Amino acid sequence: MTSQLDKGKRIAVDSAPPSSKSSSNAEGMPNKSTTSEAWEHFIQLSSDPPHPRSKCRYCGKEYKCGFNKGTSNLLGHIRERCLKYPGRAQPCSLVLVTYSVEACREAIAKFIIKDEMSFRVVEGEGFREMLGVFENRFKVPSRTTIAHDILQLYKKTKKDLIDFFVSSHQRVCLTTDTWTSAQNLCYMCLTAHFIDNNWTLHKKILNFCQVADHKCETIGRQIETCLLDWGIERVFTITVDNASSNDGTVFYLSKVVNNWNGAILGGQNMHLRCSAHILNLIVAERLKEYHQSISKIRNVVRFVRSSPSRTQKFKAYAEREKISSNKLLCLDVITRWNSTFFMLKAAEKYEKVFDRLELHDAQYIREFCLSEPKTCPSSIDWEYARYFIKFLNVFHDATLTFSGSLYVISNTFLRQLCLIHTQLHAWRDSKDLFFKTVAENMKKKYDKYWGNYETVNPYLFVSILLDPRHKEWFLRYCFVMLFGEVKANELVVKVRNNLHSLYEEYKLLYGDDVEVMDAVNDEKELEVDTEVDARQVFDSGYMRILKDNTFVECKTEVDLYLLESCENLENESFDVLDWWKIYSSKYPILSYSAFSTGGRVLDPHRCSLSTRTAEALICTQNWLRSTPINLDEAIDEIEHIETEILGADKNIFDEA
């Protein structure tokens, strides 16, 4: 095989300039007559014959050598000593690897859990051949054996987590959700969210379990049992949806945790309502009014997606209409309005293609066009779809924020609330009858849940003060927009008092009035426009507020913290947990309470679960994976495992 040095030699010879009286050219390269391969890798520094010097192009090492001298030392440097030479052969190193059957089986179990593989994969011919190449001494276990291994891994990982919770006395925020499966069975999911001593946010699914019913006493006792099982005594908030029974559940648990001395301020603000669920109620109510238009579009999308031949014909018609879009047709889930948003957003671009189907596709005509009235979408239906896309986009962004689980979101709640408020007011004052009607109806639902300060958990407002980019000025600006200037002054005092109360509580646990400013109500100055960008209106108004501010004398850590100027709002890479990690020594007591207020917004999962298998597979997957799992997708795999993979062996989890 030709070495890189040989190749370099040829390059040096072929590319060398014509010979001249000088032994080198202007770039420090030898002339063509100098053919040593060393000069491809060295530069001559001095051409003085008595004292020639050359330098390595890679590491800068200098040698006493010129073009007319021997180059063996230069070649030796390149071949053996230059660590930065890109063609240097890497020395071979032997690593002792211990063969372990147990480690191999655990690796297979993690592979199945993390990548959501079926148990039957271990019995596949190709899988066994692959492992035989990797390690021919390893005997691949059966699916029954690997199921036992998964259960043991689940138990081991759970024990490690329990040991952590017990030893650290970790305070957590809980989210819980309950639902009824297609088999009319009741299930509950409980998740813990917490920030460790390194200021890292964690989300751990504690368990899936079947419950007798959705009554508040049943759910409350089940959560109590789970907390005892996990050794968790300190709870900050519990996030639930807006079912009336959940009021009783949280009331019961607040008394239980308070009796364990694990509640903050007596558990008086432990109940946190699911913002994503509230938003879903606001939007879904309005979608019902235009159900027929949406249903027509859903039916024709289902028709196209029902077979590969129809999909191919649809693509061909799209090419004829010169419609290019990377968004393919997708079906929605009727119970999830955000999936309806995606369906409409993708389908409306192909209105002309659906019109072509109405003219030329016999199957489409028979199914949608022969009845009176026609059941295919009309131009009015498509116009409604475009209206929906405009206003659903605002709520979709808010839902994405509320549903985050890998970052703190409580400090973003108030901003999203103001954006929704701004947009609804702009639409309500619009001359467009559609937007005006929809906005008026949605505003009624909005006011029911968020129109009054008292209906919102006060910790969501405290979290604004604990965001070093915002503090009181942002809080006041938002309150002026939502409730008016007079009410805003009163509410800011309330929130500040709540923060002081938290501080004093944490001081006992872990440690031995503001000048009113003039704020601008942008709603009064807002030009009515259905295309208004709520973010731009909101952010520009707040930036004007920050230009003028006055602080008060500091007396406690809270005052000292609020005295400091806000962090740069335009820093998109700002991480609020990293900030508190850095400044925890400056605010030792306050940092304990910071973003314990980070109660999680509930991820609304509605799916059918098989209890023992689901708990072993999904919980362990959540504990092991570095990326969040999609429960909705995972449930289908779980049911497949139990009904088709395990078959008669499905009871192995109960036997283990």
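The values are calculated or read from the model by the stated rules, or taken from the named source; none is laboratory data. All values reported here derive from a predicted model rather than from experimental measurement. Heads up, the Cβs are rebuilt from the backbone with ideal geometry, glycines too, and the neighbour counts pull from every protein chain shown. Areas reflect the complete protein model, heavy atoms only, side chains present, ligands, DNA and RNA absent. Shrake-Rupley method; radii C 1.70, N 1.55, O 1.52, S 1.80 Å.
Going through the stretch 316-364 one residue at a time, which ones are β-branched (Val, Ile, Thr) and either at pLDDT below 90 or open to solvent by 70 Å² or more (accessible area, probe 1.4 Å) (or both)?
Matches in the stretch 316-364: ILE323, VAL333, ILE334, THR335, THR340.
Taking only the stretch 120-136 into account, find how many residues are closer than 13 Å to ARG105 by Cα and at pLDDT below 90.
1
Looking at VAL122, is it at negative phi and surrounded by 16 or more Cβ atoms within 10 Å (Cβ to Cβ)?
Judged against the criteria, VAL122 is a match.
Filter the stretch 51-62 down to residues that are modelled with pLDDT under 85 and open to solvent by 30 Å² or more (accessible area, probe 1.4 Å) and give me whichever is farthest from SER36 (Cα to Cα).
HIS51
Could you tell me which residue of the stretch 244-298 is surrounded by the fewest Cβ atoms within 10 Å (Cβ to Cβ), considering only residues that are more than 20 Å from CYS216 (Cα to Cα) and charged (D, E, K, R)?
This residue is LYS288.
Mind checking which pairs have a first residue in the stretch 141-169 that is over 25 Å from TRP199 (Cβ atoms) and a second that is at pLDDT below 90 and loosely packed, with under 13 Cβ neighbours inside 10 Å, Cβ under 9 Å, 6 or more apart or different chains?
Going by the 9 Å Cβ cut-off, the qualifying pairs are HIS148/GLU655.
Yes/no per residue for (1) basic (Lys, Arg); (2) open to solvent by 30 Å² or more (accessible area, probe 1.4 Å); (3) part of a helix (DSSP H, G or I):
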residue: CYS418; (1), (2), (3): no, no, yes
residue: GLN423; (1), (2), (3): no, no, yes
residue: TRP427; (1), (2), (3): no, no, yes
residue: SER430; (1), (2), (3): no, no, no
residue: TYR449; (1), (2), (3): no, yes, yes
residue: CYS478; (1), (2), (3): no, no, yes
residue: ASN489; (1), (2), (3): no, yes, yes
residue: VAL495; (1), (2), (3): no, no, yes
residue: SER501; (1), (2), (3): no, yes, yes
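Looking at (1) crowded, with 20+ Cβ neighbours inside 10 Å; (2) more than 30 Å from ASP575 (Cβ to Cβ); (3) touching a His at 6+ places or on another chain (Cβ under 9 Å), which is the one condition that is false for TYR154?
(3)
Determine if the stretch 368-382 includes at least one residue that is open to solvent by less than 40 Å² (accessible area, probe 1.4 Å), aromatic (Phe, Trp, Tyr), over 34 Å from the mean Cα position of the chain (by Cα) and at pLDDT 85 or above.
The answer is yes, given that some residue of the stretch 368-382 is open to solvent by less than 40 Å² (accessible area, probe 1.4 Å), aromatic (Phe, Trp, Tyr), over 34 Å from the mean Cα position of the chain (by Cα) and at pLDDT 85 or above.
Look at the stretch 125-151 and say how many of its residues are of a type in the set (Lys, Arg) and buried (at least 18 other Cβ atoms within 10 Å of the Cβ).
Residues of the stretch 125-151 that are of a type in the set (Lys, Arg), as a first pass: 128, 137, 139, 143.
Still in the list and also buried (at least 18 other Cβ atoms within 10 Å of the Cβ): 143.
Here the count works out to 1.
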